[in-house]
Amino acid sequence: MPAVHHKLLLEDALQDSPQTRSLLSVFEEDAGMLTDYTNQLLQSLQRVFGAQSEMGLATEQLSQQLLEYEKKNFALGKGDEEVITTLQSFAKTVGELNSLHSELANQMADSMVFPLIQFREKDLTEISTLKEIFGIATDEHEAAMVKYSRLPKKKENEKLKADLVKEVAYTRRKQHQASLQYYCALNALQYRKRVAMLEPMLGYTQAQISFFKKGIELVSKKMDSFLSSVSTMTQSIQAQLDVEAEAMRMSQRELLSVEDTVYMPDKDTEPVNRTLIQKAGYLNIRNKTGLVTTAWDRLYFFTQGGNLMCQPRGAVAGGMVLDLDNSSVMAVECEDRRYCFQITSPSGKTSMILQAESKKEYEEWICTVNNISRQIYLTDNPEAVAIRLNQTAIQAVTPITSFEKRQEGSPHPDRAKPGGVFAASSGSQKTATAPEPEDLIAPGTPIQFDIMLPASEFQDQNRAGGRRTNPFGETDDDCSTESDDSLLQQVFAVRFLGSMAVRCGDNQEVIYEAMRQVLAARAIHNIFRTTESHLMVTSSSLRLIDPQTQVTRISFQLGEVCQFAAHQENGRLMGFVVEGRDWSDGDEEGEPSYSAFVFESNTEGEKICYTISLAKDIIEAKKDPEALAQLMKNMPLTNDGKFLLLEPEAGDMTNGAGQEDLEESEA
């Protein structure tokens with residue numbers, strides 16, 4: 001008799017993945033079909049026992065019913081070929097034994113009807129009861145996880161957190177115990193159903209032989225060896241069941257002997273793996289249920305290649321949720337929930353907010369998505385590439401809050417000064433080949449993640465006569481007058497992502513490389529918080545304004561902006577390069593230095609770049625009155641004589657009001 005080929009793995013009970021649930025549904029479907037078949041078979045046997053006057057018809061129906069076992073096509077029926085063959089032989093025998101006597105009633109009741117009733121009332125009823133207990137334990141665990149997921153981060157109550165952790169651990173252990181018992185019963189059912197299918201017919205045939213000596217003598221000569229083999233088969237199946245049951249008991253005892261930390265969320269002892277290119281597990285996803293209302297659903301997510309997949313419980317397979325190639329991921333603050341992060345498609349049109357169960361899961365999901373977005377999985381050895389890229393990025397990108405020069409110990413002394421490459425190549429023609437990243441930005445260049453002017457910028461202001469607004473919002477009279485007389489004022493809502501010193505200002509590739517390094521540094525070091533500001537573009541300057549206090553955080557003269565561009569794929573990213581002077585060498589004129597600033601906007605970055613381009617055109621047109629008149633003729637103007645963009649932002653300043661009336665631009 002072949003062994004059972006399908007069984008539920010007790011080791012997968014704790015994880016409770018959709019794959020395990022899908023296999024569990026197959027076992028449940030098989031148990032349901034077995035219950036239906038058992039009831040039908042029992043009805044046939046009871047008809048044989050109770051309807052002596054219709055014995056011939058009853059046995060004929062029983063014969064047909066035995067043949068139905070093969071037609072049921074049980075999902076876990078592999079290995080039942082001998083059972084099917086045996087049942088077919090029994091069906092033939094039952095067809096031959098079509099006359100019964102009332103003296104067989106007692107023996108048939110004991111050896112034919114009772115075993116199947118016991119199987120139905122004991123085994124199948126146990127399956128049904130354990131299924132209900134498992135469902136209740138699952139619902140309690142889900143309810144506990146929902147309350148734990150709502151645990152506030154800002155005002156954390158240690159007692160409440162401890163109580164919720166204990167509740168989650170208790171319900172998780174309870175669900176684990178219930179699932180182990182349920183899985184063991186379903187596995188054992190695959191053995192017991194074979195015995196239950198064969199034992200009644202064995203008793204029925206033996207009863208017929210014992211009471212019908214004359215008729216059975218002719219049959220017993222052919223049936224003795226057959227019945228002996230059937231008896232041996234059932235004993236073999238029972239022995240396999242005993243061995244399997246003991247193994248499952250040992251495995252269950254071993255799995256339940258783990259420490260309580262296994263059941264507790266956010267109690268990870270292993271370090272975070274930042275080189276993953278595959279990840280799977282349960283996450284909470286935020287879904288909109290109305291105009292202003294949201295709901296969180298706990299679903300099973302996994303990565304497959306460059307796609308993020310989601311598989312609800314009970315589903316046979318998962319479906320693609322988002323293409324992760326060139327996507328961006330960042331931590332977010334969301335409804336006072338912990339461990340939330342947002343994944344955004346390259347176009348910026350599709351995004352989703354997810355919540356991890358623990359800090360380790362939260363960091364590993366962010367690192368995994370970041371690795372996949374760089375298409376590491378397409379390489380021959382993705383694990384090695386992921387390790388190398390993460391080590392290189394950590395060594396090359398160190399987040400600090402100032403533009404400190406790192407000239408000492410540089411392997412390329414001629415490249416130590418930002419702008420050196422530009423000064424050497426400004427008089428030559430551009431080559432056809434794309435510049436290398438180290439030609440654009442010096443390796444190891446620090447990145448600034450907040451708005452803070454370095455010392456060289458304050459020297460800039462002093463030498464330029466105070467024409468730039470300082471970071472504390474104090475402006476000179478010349479600057480305010482110039483702002484009031486500006487022919488263009490356009491405001492955009494932006495978030496400052498970072499800035500860094502670069503080597504040249506005559507190539508847009510330096511902006512794209514700065515964007516890549518800033519986003520990579522934020523992802524690696526988990527620096528995802530940004531502050532929203534208003535970027536005002538006028539015909540004389542660029543100003544970054546605090547939307548709450550209306551204080552100018554930083555300001556640049558438009559003539560200092562030598563390059564500006566939007567990201568080629570993620571249209572919400574834009575940046576510009578500002579040229580300054582470095583007097584650290586004592587030179588009166590100063591060496592040219594360049595700094596790249598990267599922003600994320602609520603609107604398309606191309607609109608901001610178009611506005612900056614228009615402002616530069618206005619500056620050039622001011623030199624020629626005729627050109628200015630032609631430009632003013634081609635562009636619409638406001639009532640006070642300022643340029644009006646064809647597609648103004650919702651919060652743009654088109655009426656010339658002061659800073660106190662600035663409003664945030666809508667995306």
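The values are calculated or read from the model by the stated rules, or taken from the named source; none is laboratory data. All values derive from a computational prediction rather than experimental measurement. Positions of Cβ are generated from backbone atoms using ideal geometry, with glycine treated the same way; all protein chains shown enter the neighbour counts. Only protein heavy atoms, including side chains, enter the accessible area calculation; ligands, DNA and RNA are left aside. Shrake-Rupley method; radii C 1.70, N 1.55, O 1.52, S 1.80 Å.
Structure above, values below:
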| item | result |
| --- | --- |
| Of residues in segment 337-355 being free of Cβ contacts under 8 Å to residues at least 40 places away in the same chain and not in a strand (DSSP E or B), the one least open to solvent (accessible area, probe 1.4 Å) | S345 |
| Residue in segment 358-378 that is among the hydroxyl-bearing types (S, T, Y), modelled with pLDDT of 85 or more, under 12 Å from the mean Cα position of the chain (by Cα) and outside any strand (DSSP E or B) present | yes |
| Residues of segment 73-84 that turn out to be in a loop (DSSP other than H, G, I, E, B) and surrounded by 15 or more Cβ atoms within 10 Å (Cβ to Cβ), as a count | 5 |
| Residue count for segment 590-608, restricted to those that are farther than 9 Å from R495 by Cα, open to solvent by 30 Å² or more (accessible area, probe 1.4 Å) and in a loop (DSSP other than H, G, I, E, B) | 1 |
| Close pairs from segment 102-118: first farther than 18 Å from S231 by Cα, partner modelled with pLDDT of 85 or more, Cβ under 7 Å, at least 6 apart | I117/L42 |
| Residue count for segment 150-168, restricted to those that are surrounded by fewer than 19 Cβ atoms within 10 Å (Cβ to Cβ) and part of a helix (DSSP H, G or I) | 8 |
| Meets criteria (modelled with pLDDT under 90 and aliphatic (A, V, I, L, M)) for A137 | no |
| Selection status of L164, hydrophobic (A, V, I, L, M, F, W, C), in contact with a helix residue (DSSP H, G or I) (Cβ under 6 Å, 6 or more places away or on another chain) and at pLDDT 90 or above | no |
| Residue in segment 356-364 that is crowded, with 19+ Cβ neighbours inside 10 Å and either closer than 22 Å to E569 by Cβ or of a type in the set (S, T, N, Q) (or both) present | no |
| Extreme residue, farthest from K147 (Cα to Cα), among residues of segment 250-265 that are modelled with pLDDT of 85 or more and loosely packed, with under 12 Cβ neighbours inside 10 Å | M250 |
| Residues of segment 233-273 satisfying the condition of being without any contact (Cβ under 8 Å) to a residue 24 or more places away in the chain and small (G, A, S) | A239, A247, S257 |
| One residue from Q19, Q40 being open to solvent by 40 Å² or more (accessible area, probe 1.4 Å) and either at pLDDT 90 or above or touching a Ser or Thr at 6+ places or on another chain (Cβ under 7 Å) (or both) | Q40 |
| Answer from D268, D297 - the residue that is modelled with pLDDT under 85, outside any helix (DSSP H, G or I) and not assigned by the TED database to the domain that holds M145 | D268 |
| Meets criteria (open to solvent by 20 Å² or more (accessible area, probe 1.4 Å), touching a residue at least 12 places away in the same chain (Cβ under 8 Å) and among the small types (G, A, S)) for G319 | no |
| Residue list for segment 2-16, filter: over 34 Å from the mean Cα position of the chain (by Cα) and either at pLDDT 90 or above or surrounded by 16 or more Cβ atoms within 10 Å (Cβ to Cβ) (or both) | V4 |
| First in segment 53-71 and open to solvent by 30 Å² or more (accessible area, probe 1.4 Å), second anywhere and of a type outside the set (K, R) and part of a helix (DSSP H, G or I), Cβ under 7 Å, 6 or more apart | E60/G95; Q61/S44; L67/Q88; L67/A91; E70/I84 |
| Tally of residues being open to solvent by less than 20 Å² (accessible area, probe 1.4 Å) and either at pLDDT 75 or above or under 21 Å from E560 (Cα atoms) (or both) across segment 609-645 | 7 |
| Which listed residue, of N287, N307, N326, N370, is outside the structural domain of P152 (by the TED database), open to solvent by 20 Å² or more (accessible area, probe 1.4 Å) and closer than 24 Å to A144 by Cβ | N287 |
| Any chance L180 is within 30 Å of E132 (Cα to Cα), in contact (Cβ under 8 Å) with a residue 40 or more places away in the chain and either assigned by the TED database to the domain that holds R337 or among the aliphatic types (A, V, I, L, M) (or both) | yes |
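Matching residues to (1) within 17 Å of A91 (Cβ to Cβ); (2) at pLDDT below 85:
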{"residue": "L180", "(1), (2)": "no, no"}
{"residue": "C184", "(1), (2)": "no, no"}
{"residue": "L202", "(1), (2)": "yes, no"}
{"residue": "K214", "(1), (2)": "no, yes"}
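Matching residues to (1) within 20 Å of I447 (Cβ to Cβ); (2) at pLDDT 90 or above; (3) over 24 Å from the mean Cα position of the chain (by Cα); (4) crowded, with 22+ Cβ neighbours inside 10 Å:
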position	(1), (2), (3), (4)
L519	yes, no, no, yes
T530	yes, no, no, no
S539	no, no, yes, yes
P547	no, no, yes, no
Q550	no, no, yes, no
M574	yes, yes, yes, yes
V577	yes, yes, yes, yes
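Yes/no matrix, rows are residues, columns are (1) assigned by the TED database to the domain that holds F27; (2) within 30 Å of Q208 (Cβ to Cβ); (3) open to solvent by 70 Å² or more (accessible area, probe 1.4 Å); (4) not small (G, A, S):
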| site | (1), (2), (3), (4) |
| --- | --- |
| I117 | yes, yes, no, yes |
| K122 | yes, yes, yes, yes |
| I127 | yes, no, no, yes |
| A185 | yes, no, no, no |
| A188 | yes, no, no, no |
